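> Input: one structure, supplied below.
The numbers here are math on the coordinates, done by the rules we state, and not lab data. Everything quoted here is computed from the prediction, not taken from an experiment. Please note: Cβ atoms are built from the backbone with ideal geometry, for glycine as well, and neighbour counts cover all protein chains shown.
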Amino acid sequence: MPGPNHNGAHSAIGVVLADDHAIVRSGLRMLLDAEPDIAVLAEAEDVDSAARYVLGHKPEVLVLDLNMGEDSSLPAIPDMIRRSPGTAIVVLTMQDDPAFAREALGAGARGYVVKHSAGEELLEAVRVAARGETYLSPKLGARLAAAPPSGADALDGLSDREVEVLKLIALGHTNAEIAGQLYLSVRTIETHRAHIQQKTRRTSRPELVRYALDHGLVE
């Protein structure tokens with residue numbers, strides 16, 4: 001939460017904006033900077049620069065586009081939270097699928113706002129997240145509550161992508177081979193693998209193989 005400044009008044013909520021489209025960032029900055037209790041500290045065009053600005057500015061809130069460039073921003077969320085625990089992450093995306101919202105919140109995001117309904121919802125999400133609470137678009141929240149849980153819920157909350165990576169790990173593929181098959185970077189695969197190990201509480205490859213066998217992911 002924003003704290004008091006040297007005069008005893010409460011300072012504005014510091015925000016870092018991360019979106020790979022300059023026009024979108026410009027519009028979001030105008031929206032946020034128009035509010036007296038919110039201040040945009042920096043703008044990032046990719047996940048790496050977002051992480052740098054979060055570490056440098058330690059904002060109360062990071063507004064993070066779900067897809068920047070070719071990769072999803074989701075794998076970076078837990079690491080950003082670990083490195084800057086005082087920063088709440090609000091995901092802003094075109095994806096209105098409840099499964100994506102469930103995955104983002106499961107990764108540690110404090111808010112999920114769909115771009116076509118941004119505006120007042122984003123402002124509310126930033127304020128709610130800065131208080132340490134969770135915000136989900138009301139319409140999407142209703143769909144999320146009505147949606148049946150995915151099969152991944154029985155797999156310690158693994159996302160569909162993490163299940164895919166786990167299968168390939170169990171089949172003996174290296175991180176580089178998995179990256180090539182899924183058209184992702186090796187770094188992204190390493191992040192997925194770390195999340196799989198954390199969620200399943202299995203750290204070695206034999207343990208992951210046994211987990212995959214026990215859950216019918218491989219034969």
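> Cross-link candidates for LYS139: which lysines have Cα within less than 30 Å, leaving aside residues fewer than 8 places away along the same chain?
LYS115, LYS199
> Under a 10 Å cutoff between Cα atoms, tell me which one of ASP79, ASP46, ASP156 has the largest fluctuation in the Gaussian network model of the chain.
Comparing ASP79, ASP46, ASP156 in the GNM, the peak value goes to ASP156.
> Next question. With percent of Cα pairs over 30 Å apart defined as stated, name the option among [x] 38; [y] 16; [z] 28 computed from the structure displayed.
Only one option fits the structure, namely [z].
> Could you please report the charge total around VAL54, scoring K, R as +1 and D, E as -1 over all other residues with beta-carbon less than 15 angstrom from its beta-carbon?
Counting the neighbours of VAL54, the net charge comes to -3.
> Also: Return the calculated 222 nm mean residue ellipticity for the chain, to the nearest 500 deg cm²/dmol, obtained by summing -39500 (n - 2.57) across DSSP H runs with n ≥ 4 and dividing by the residue count.
Values: 10 runs with 104 residues, N = 219.
-14000 deg cm²/dmol, from helical runs alone.
> Classify the stretch 151-212 as rounded, prolate or oblate, taking a ≥ b ≥ c as the square roots of the eigenvalues of its Cα gyration tensor: rounded when a/c is under 1.5, otherwise prolate if a/b is larger than b/c and oblate if not.
Prolate shape, in that a/c is at least 1.5 and a/b is the bigger ratio.
> One quarter of the convex hull surface, Cα atoms only: what value does that give for the stretch 27-109 in nm²?
So the mean shadow area of the Cα hull is 5.5 nm².
> Additional query: Taking Cα centroids, how far is the stretch 173-219 from the stretch 92-123 in Å?
If you average the Cα positions of each part, the centres end up 26 Å apart.
> Between ILE13, LEU213, GLN95, whose Cα lies farthest towards the positive end of the dipole of the chain when Lys and Arg beta carbons carry +1 and Asp and Glu beta carbons carry -1, centred on the Cα centre?
LEU213
> A further question follows. Beta carbons within 10 angstrom, averaged per residue: use that to sort the peptides 61-68, 111-118, highest first.
Highest mean packing first, the order is 61-68, 111-118.
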